[in-house]
Amino acid sequence: HMVADQGFAGAQHNLALMYADGRGVTKNDAEAVRLYRLAAEQGYSHSQYNLGLRYINGEGVAKDDAEAVRFFRLAAVQGNAAAQNNLGAMYANGRGVARDDAEAVRLYRLAAEQGYSIAQFNLAVIYEDGTGVTKNDAEAVRLYRLAAEQGYANAQYNLGVMYANGRGVAKDDAEAVRLYRLAADQGLASAHYNLGNMYEKGRGSARDDAEAARLYRLAADQGSAGAQINLGNMYANGAGVAKDEAEAARLYRLASDQGNAIAQYNLGFMYVNGTGVAKNVTEAVRLFQLAAAQGYANARYNLGVMYANGTGVAKNETEAVRLYRLASDQGYAPAQNNLGAMYKDGRGVRKNDVESVRLFRLAADQGYANAQYNLGLMYANGTGLEKNYIQAYKWLDIAAAAGNDSARITRNELKKRMTASQIKIAENIKK
C-alpha cells in the first residue's frame, strides 16, 4: 500500500492483483480496477492489459468492448504479447472494433513471434481455415507444434487432429494418440473424446473398448455431447462396459438436451422400441422431429415411416413422402427405397413407375438389399422399364446374398423361367 500510494506503477499493479484475487486483503474488483487504472495511466502495460480484460468481462466496471480495445492497444504497442493476442482476437471477432482479419493476423503474428503460445495457436487456426491468409496446413502444423511444445492443450489437440487426418503432415495415428494424450492429461474434453475414439477404433494403439469408455466418460462428464453419445452407444451394445440400456438412454438424453440431432434420433429410437425407457411412440415422434428439423437424414426417414404408418402421429402419406424425399436427396438409401415404393404404389404421390425404378436403383447401387430386391422385381415384371430377366436375376441374386429371403425365393422362381444361357450371363454380370 505504502509504495503504491507513492505512485509506483509496479506496486499499484501488484496491489491490484492482490485485490483482484483476494490475497491478503478482502477481494474488491472495484479497487483492483482503480489501482490498475493508476498504473495504466503511467503506461504500465501489464495494467493496461489487465484493465482491458476487466472491460471485456465486466469485472469492477461496466462491460465495454471498445474500452477494452483501447487498453489492449496501449499495451500492444509496447510489445505486450498477451495484449497483442487479445487485440487480434477483438479484430478477428469484430468486438469493440470493425472486423479486420488482416489486422488480426498481424497482431497474432507479433505475439506469436515472441513465443506467446495462445497467439501461435490462434494464428495456426487462421492458417488452417484460410481466414485473412492463404490457407496453409503445413504452416498451421508448424505453429500448432510451437504452441504444443509449450504445453498448450488446445494446440496439442489440434496438432493431433492434423496427424490423424494427414493434413499438413504425414498421417500418423500413433503421433495423434500421443498428442491427444498430452492434451487429455490436462483435462481437455475434446482430447478425451478423440483419444477414446482412437482406442475404440484401434487407431494408433491396440483396440481397447474399456479404455475408450473410460475416456468417453471423462469427456461426457464435462458435457461433451459426442462423448455422451459414444458412451451411450457402448452401454447400449455392452462394449467396454456391462450392457445397460437405461444408462444408454440417460446419456443420449444428456446430449439430446444440448440439441444434438444424433442423440435425439438415438433416444427416439429407444422410445420406439421401449429399450431402456418405457415405450412411447409419441415421444419418439417428438424427438425424431427435433432431429429431422436439423437435417438428420436417419431421423427424417424414421419420421417418414411414423407418418406412413400412423405411429405416434396421425397417418399422413403426403408428409411421409416429403420426409422420405428430404432424406433421399441426402443420399440415404432406406429413404430412397421407401420413396420408390410410394411412387410404385401411388401413396402420398402420383404413381410413377419410372421414378420408382430410378429411386430403387439409387439405393440398390449403395448396397441396400431391400432396394436391390425391389429393382429385381421391377425388371422381372417389366414395370417402369423393359422386362429383363437377366437384370432381374442379377439384382435378386445380389439381394439374396445379402440375406434377403424374399429375394432368394423370387430368384429361385425366376430361375425356372430362364435358360441356362441367361442364368450364366446374369451371374457373370453380377461378378
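The values are calculated or read from the model by the stated rules, or taken from the named source; none is laboratory data. The structure displayed is predicted, hence computed values, not measured ones. As a convention, Cβ positions derive from the backbone with ideal geometry for all residues, glycine included, and neighbour counts pool all protein chains shown.
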Practice problem: Give just the number: which of (1) modelled with pLDDT of 95 or more; (2) surrounded by 16 or more Cβ atoms within 10 Å (Cβ to Cβ); (3) more than 21 Å from Leu17 (Cα to Cα); (4) of a type outside the set (Phe, Trp, Tyr) does Arg54 not satisfy? | Solution: (3)
Quiz prompt | Subset of region 194-242 [surrounded by fewer than 20 Cβ atoms within 10 Å (Cβ to Cβ), farther than 17 Å from Asn165 by Cα and under 15 Å from the mean Cα position of the chain (by Cα)] | solution = Gly223
Exercise. May I ask you to list the residues in region 309-320 that are of a type outside the set (Asp, Glu), touching a residue at least 24 places away in the same chain (Cβ under 8 Å) and closer than 18 Å to Leu290 by Cα?
Key: Thr311, Gly312, Val313, Ala320
Quiz item: If you check Val349, Val357, which single one turns out to be among the β-branched types (Val, Ile, Thr) and in contact with a Leu (Cβ under 7 Å, 6 or more places away or on another chain)?
Solution: Val357
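Can you go through Ala111, Ala155, Ala191, Ala148 and tell me which one is of a type in the set (Gly, Ala, Ser), surrounded by 20 or more Cβ atoms within 10 Å (Cβ to Cβ) and more than 29 Å from Arg207 (Cβ to Cβ)?
Ala111
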Quiz item: Quick one: which of Asn388, Asn404, Asn374 is free of Cβ contacts under 8 Å to residues at least 12 places away in the same chain, within 20 Å of Ala363 (Cα to Cα) and in contact with a helix residue (DSSP H, G or I) (Cβ under 9 Å, 6 or more places away or on another chain)?
Solution: Asn388
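Kindly indicate whether Val69 is under 24 Å from Gln156 (Cα atoms) and touching a residue at least 24 places away in the same chain (Cβ under 8 Å).
It is false that Val69 is under 24 Å from Gln156 (Cα atoms) and touching a residue at least 24 places away in the same chain (Cβ under 8 Å).
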Quiz prompt | Unmet requirement for Asn86, which otherwise passes all of (1) of a type in the set (S, T, N, Q); (2) farther than 30 Å from Asp173 by Cα; (3) exposed (fewer than 15 other Cβ atoms within 10 Å of the Cβ) | solution = (3)
Quiz prompt | Residues located in region 120-147, provided they are in a helix (DSSP H, G or I), out of contact with any Leu (no Cβ under 8 Å at 6 or more places or on another chain), over 22 Å from Lys171 (Cβ atoms) and not polar (S, T, N, Q) | solution = Ile126
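Kindly check whether there is at least one residue in region 194-204 that is out of contact with any strand residue (DSSP E or B) (no Cβ under 7 Å at 6 or more places or on another chain), of a type in the set (A, V, I, L, M, F, W, C) and closer than 22 Å to Ala255 by Cα.
yes
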Quiz item: Which of the helices (runs of 4 or more DSSP H) contained wholly in region 321-431 include at least 2 residues that are crowded, with 22+ Cβ neighbours inside 10 Å and either modelled with pLDDT of 95 or more or in contact with a Gly (Cβ under 8 Å, 6 or more places away or on another chain) (or both)?
Solution: 333-345, 353-364, 369-381, 389-401, 405-415
